[in-house]
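Before any comments, here is the structure.
The values are calculated or read from the model by the stated rules, or taken from the named source; none is laboratory data. In this text the structure is predicted, and so the values were computed from the model without any measurement. Every residue, glycine among them, receives a Cβ derived from its backbone with ideal geometry; neighbour counts consider all protein chains shown. With ligands, DNA and RNA removed, areas are computed over all heavy atoms of the protein, side chains included. Shrake-Rupley method; radii C 1.70, N 1.55, O 1.52, S 1.80 Å.
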Amino acid sequence: MIDFLENLCYNASRKIQKGAQHMSKTCCFTGHRLRKVPWLSDPNHPLSTALHNIVRERILQKIDLGYDYFISGMALGSDMLCAQIVLELRQSYPNIKLECALPCEEQTKFWSDIQRQEYQEILAKSDYVSVLSRRYSPACLHIRNKYMVQKSDCLIAIWNGSSGGTQNTILLAGKHNIPVDIINPDDCVNAMAD
């Protein structure tokens, strides 16, 4: 894993330089982790499928509006779902780019092997990788979120209204006058109940 990250950091610095010259519309993502949307861990779960379809439609709307650069913070749950959808859509829209903004090198330290493998596959397919801190600190997630918001023209948030990092990122976007497109994952639950 260490070798992978050292290679990633080297490659990231090369990729970031290319990415820094990018001058188009950028959209970043924020959203709940698996503890708030546990059904996202199963891509075949009906709620996961419903949320996937809603997020896909929102990203397609952004593409139709000229957005072609997307940034994911790569946390388990909503962030990785959004990154996967961008990679899927790249088959039909080869001009779109994905940047993975990692809060720290050791983000996956306590993840399962399967989660790490999925994460590494996304990183390998992404266009750019930004590693914002060498080690985890209480501030590194906020630093990552601020980085994404400051580079973006809009934010897609998978948020049910609860407090936490997703809410903080939405508030940060508001301070920067960045429009926020909110997708409430509870709407998927409510739709399934109807």
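A few remarks follow.
- Residue satisfying condition, being surrounded by 15 or more Cβ atoms within 10 Å (Cβ to Cβ) and more than 21 Å from residue 45 (Cβ to Cβ), within set 83, 124, 173: 173
- The lone exception for residue 68 - which of (1) open to solvent by 10 Å² or more (accessible area, probe 1.4 Å); (2) of a type outside the set (S, T, N, Q); (3) closer than 29 Å to residue 113 by Cβ; (4) not in a loop (DSSP other than H, G, I, E, B) it fails: (3)
- Scanning region 86-104 for residues that are open to solvent by less than 40 Å² (accessible area, probe 1.4 Å) and either more than 17 Å from residue 40 (Cβ to Cβ) or without any contact (Cβ under 8 Å) to a residue 24 or more places away in the chain (or both) returns 89, 96, 98, 99, 100, 101, 102, 103, 104.
- Of the residues in region 68-91, not one is of a type in the set (Val, Ile, Thr), in contact with a strand residue (DSSP E or B) (Cβ under 7 Å, 6 or more places away or on another chain) and more than 20 Å from residue 33 (Cα to Cα).
- For residue 153, the conditions (1) open to solvent by 40 Å² or more (accessible area, probe 1.4 Å); (2) more than 24 Å from residue 53 (Cα to Cα); (3) in contact (Cβ under 8 Å) with a residue 24 or more places away in the chain all hold with the exception of (2).
- All of (1) touching a residue at least 40 places away in the same chain (Cβ under 8 Å); (2) of a type outside the set (Lys, Arg); (3) touching a Leu at 6+ places or on another chain (Cβ under 7 Å) hold for residue 54 with one exception: (3).
- Qualifying residue in region 18-41 (condition: in a helix (DSSP H, G or I), touching a helix residue (DSSP H, G or I) at 6+ places or on another chain (Cβ under 6 Å), in contact (Cβ under 8 Å) with a residue 24 or more places away in the chain and more than 18 Å from residue 141 (Cα to Cα)): yes
- Boolean, residue 107 is open to solvent by 10 Å² or more (accessible area, probe 1.4 Å) and modelled with pLDDT under 95: yes
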